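Here's the structure we're looking at; comments come further down.
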Amino acid sequence: MTESAHLQVSHRGWILFACMLAMFMAAIEVTIVATAMPTIIADLGGFSQFGWVFSVYLLTQAVSVPLYGRLADMWGRRKMFFIGTSLF
């Protein structure tokens, strides 16, 4: 086994861990938003605001994903992953 092949195998565990962590955080985010949504809607004035809350949430996601992608291109994906994980 060559040196580069051995290095690739040793990084598989870390890559798998990072992917699992990202998927876990996405699942937790959805769970938190779904749990908090009735309280948010009640504070805003009722079920008629339900569409607005989700629209703003999805719009925020649609704007922030390309922004974080650009920052990851500039500063590196690993650094942005750690920053995003810390902010979460």
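The values are calculated or read from the model by the stated rules, or taken from the named source; none is laboratory data. Worth saying up front: this structure is predicted, and the values here are computed from it rather than measured. Quick reminder, even Gly has a Cβ in these numbers, built from the backbone with ideal geometry, and neighbours come from all protein chains shown. Side chains included, ligands, DNA and RNA excluded: accessible areas come from the protein's heavy atoms. Shrake-Rupley method; radii C 1.70, N 1.55, O 1.52, S 1.80 Å.
Suppose we keep only residues that are in a helix (DSSP H, G or I) and in contact (Cβ under 8 Å) with a residue 40 or more places away in the chain within the stretch 64-88. Which one would you say is least open to solvent (accessible area, probe 1.4 Å)? Explain how you work it out, then say what you get.
So the first thing to find is which residues in the stretch 64-88 are in a helix (DSSP H, G or I), and the list is 64-75, 77-87.
Restricting the remaining residues to those that are in contact (Cβ under 8 Å) with a residue 40 or more places away in the chain gives 81, 85.
Numbers: F81: 61, T85: 41 Å².
Within the stretch 64-88, the match that is least open to solvent (accessible area, probe 1.4 Å) is T85.
Of the conditions (1) at pLDDT 85 or above; (2) more than 21 Å from I83 (Cβ to Cβ); (3) over 16 Å from the mean Cα position of the chain (by Cα), W14 clears all except one; give me its number.
Just one mismatch for W14, condition (2).
Please enumerate the residues belonging to the stretch 19-37 that are surrounded by 10 or more Cβ atoms within 10 Å (Cβ to Cβ), over 21 Å from F82 (Cα atoms) and small (G, A, S).
A36
Going by the conditions given, is I40 among the β-branched types (V, I, T), open to solvent by less than 90 Å² (accessible area, probe 1.4 Å) and more than 20 Å from A18 (Cβ to Cβ)?
It is true that I40 is among the β-branched types (V, I, T), open to solvent by less than 90 Å² (accessible area, probe 1.4 Å) and more than 20 Å from A18 (Cβ to Cβ).
Is it the case that the stretch 53-63 has a residue that's closer than 24 Å to I15 by Cα, under 13 Å from the mean Cα position of the chain (by Cα) and either open to solvent by 100 Å² or more (accessible area, probe 1.4 Å) or free of Cβ contacts under 8 Å to residues at least 12 places away in the same chain (or both)? Full working, then the answer.
If we filter the stretch 53-63 for residues that are closer than 24 Å to I15 by Cα, which is where we start, we get none.
For the stretch 53-63, residues closer than 24 Å to I15 by Cα, under 13 Å from the mean Cα position of the chain (by Cα) and either open to solvent by 100 Å² or more (accessible area, probe 1.4 Å) or free of Cβ contacts under 8 Å to residues at least 12 places away in the same chain (or both): absent.
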